[in-house]
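Here is the structure we will look at.
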Amino acid sequence: MHTTVGIIGGGPAGLLLARLLHLAGIDSVVLESRDRAYVEQRQRAGILEQGAVDVLRECGAGERMDREGLVHDGIELRFDRRSHRIDFPSLTGGRRVMVYAQTEVVKDLIALQFRQGGGPLLFEAQARAVTGIDTDRPAVHFTHEGGERTLTCDYVIGCDGFHGITRAAMPDLATYERTYPYSWLGIMADVPPSCDELIYAHSERGFALHSMRSTTVSRIYLQVPNGTDPAQWPDERIWDELDARFAVDGDWKLERGPITAKSVLPMRSFVAEPMRHGRVFLAGDAAHIVPPTGAKGLNLAFSDVVVLARAFAHLHATGSAELLDAYSATCLRRAWRAEHFSYFMTTTLHTDPAQSPFDTRLQLSQLDRIATSTAAATELAENYTGLPIG
Ligand code: FAD
Ligand code: DHB
């Protein structure tokens, strides 16, 4: 089998890339190791930046998002028992974000791919190796329906996430990494959110984040030590701890409800450079990981493939590889900005177990600065709603 663009991984990056290439008249094949139900149910991100929303609309995948997604104009920062709202549109010239789960984005992109005759999207097709990466005809060797298969390609794109195989096949990558001395315990609860907008809470007991999936389902995260077993956190303990961390002067109350899922997410910052070797490219989590505070991971994956699809469209239309040649530098610039923002949000809001009272004072001073300076709030709002793609 041969294709112009072989895409390894049918997560958000791979699926959106296949869609954008199809619209540009470029054929592709997506190889996804998991089955469709697994990919559609894997609980992950929940916030789409303005740019991601725009791109989903433009590529025809925005209909259900516009019906069911929740547009948010700001977030609340909580610290020192105070609450402060950051208003995005007034600080950014009208930018906002959308609460719409990654599971739903993935479902919409898969449905569109099948409905509108995009290139093949193979589930349970596990890439084992990429060969010929220094040639004009790289190949992906994969298993599918019990057999060994080969897909030859003009280009191979590794959209196979942090644990994929593509990055490992690329020689001479420089990698940059940071780990954090805490994780998140994430819960899903069948209770209407106790807030209209997300709450990012700093407390000396640790960070907490109140998010949502709909008007009836709350998604809440709390900082826990690395290595935590969710079984150590019975429901009552979670709600009591959240009450303490979200505590604020005034009459706010956290509504409790049945917890339907609990999982622990480790945190990492990681970047691989460059994002290209010959005709093999990396996009999304395969190239970079951010800690989740600030909700950049999915959005960054989307911006990579938007840049890549534009570059392929340019090549297709003009024969010029100039945008493709600029791909890695273009994406890394944006990726490092998101790395910094995610690091900043994480380290400003979490309590490091080794943190001194001095460090806590610095965090509170920074949060107070954001709450009282338009310049500091604008910096946060511009990064949160997303910088321009490209
Ligand atoms: P992925 O979504 O990882 O997709 C990669 C795909 O490649 C997968 O479907 C995988 O099955 C497939 N694959 C892997 N290896 C192979 C192979 N050899 N052959 C074929 N297919 C392969 N971001 C936020 O903004 N907010 C959050 O709350 C948040 N929570 C997260 C929770 C978890 C547990 C994780 C892991 C990530 C979370 N993220 C979050 C990050 C966000 O979900 C990712 O940035 C986003 O999924 C990146 O999309 P991607 O397509 O690059 O990679
Ligand atoms: C969600 C995740 C995040 O990392 C974040 O900063 C905001 C919201 C979420 O899953 O809803």
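The numbers here are math on the coordinates, done by the rules we state, and not lab data. The structure displayed is predicted, hence computed values, not measured ones. All Cβ positions, even for glycine, are placed from backbone atoms using ideal geometry, and neighbour counts span all protein chains on display.
Laid out as a table, the results:
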| item | result |
| --- | --- |
| R57/H340 FRET efficiency (R0 25 Å; Cβ-Cβ; nearest 0.05) | 0.30 |
| Per-residue HN-Hα couplings for region 83-99 [Karplus 6.51, -1.76, 1.60; θ = phi - 60°; Hz; x = Gly/Pro] | 10, 9, 9, 9, 9, 5, x, 6, 8, 10, x, x, 7, 9, 10, 10, 8 |
| Peptide ranges 33-42, 202-211, 157-166 listed from the most packed, as the mean C-beta count within 10 angstrom indicates | 157-166, 202-211, 33-42 |
| Calculated from backbone phi, Karplus (6.51, -1.76, 1.60) coupling profile of region 313-330 in Hz, x at Gly/Pro | 5, 5, 4, 4, 7, 10, x, 8, 8, 4, 6, 4, 5, 8, 3, 4, 5, 4 |
| Residues I199, I389 arranged by fewest to most Cβ contacts within 10 Å | I389, I199 |
| Electrostatic dipole magnitude of the chain [Cβ: Lys, Arg +1; Asp, Glu -1; Cα centre; debye, to 20] | 140 debye |
| Net length gained if the chain between R85 and D35 were fully extended (0.36 nm per residue, minus Cα distance) | 13.9 nm |
| Theoretical ellipticity at 222 nm over the chain - DSSP helices of four or more residues, -39500 (n - 2.57) apiece, nearest 500 | -11500 deg cm²/dmol |
| Peptides ranked, highest mean first, by Cβ atoms within 10 Å: ranges 145-156, 118-129 | 118-129, 145-156 |
| Estimated inter-spin distance, F358 and S263, nm [label 7 Å along Cα→Cβ] | 4.0 nm |
| Sorted by Cβ density within 10 Å, fewest first, the residues D251, D368 | D251, D368 |
| Long-range HN-HN contacts of G278 with modeled amide H, under 5 Å | none |
| Fraction of antiparallel bridges per DSSP, region 5-130 only, in percent to nearest 5 | 65 percent |
| Among beta bridges that DSSP assigns inside the chain, antiparallel share in %, nearest 5 | 75 percent |
| Under 5 Å, built H, 5+ apart or other chain: amide partners of V224 | S183, W184, L185 |
| Under the Karplus curve 6.51 cos²θ - 1.76 cosθ + 1.60, θ = phi - 60°, whole-Hz ³J(HN,Hα) for region 48-57, x wherever Gly or Pro sits | 9, 5, 3, x, 5, 4, 4, 5, 5, 4 |
| Sequence ranges 82-88, 63-69, 309-315, ranked by mean other-Cβ count within 10 angstrom, highest first | 309-315, 82-88, 63-69 |
| Span from the region 198-274 Cα centroid across to the region 59-125 one, whole angstrom | 20 Å |
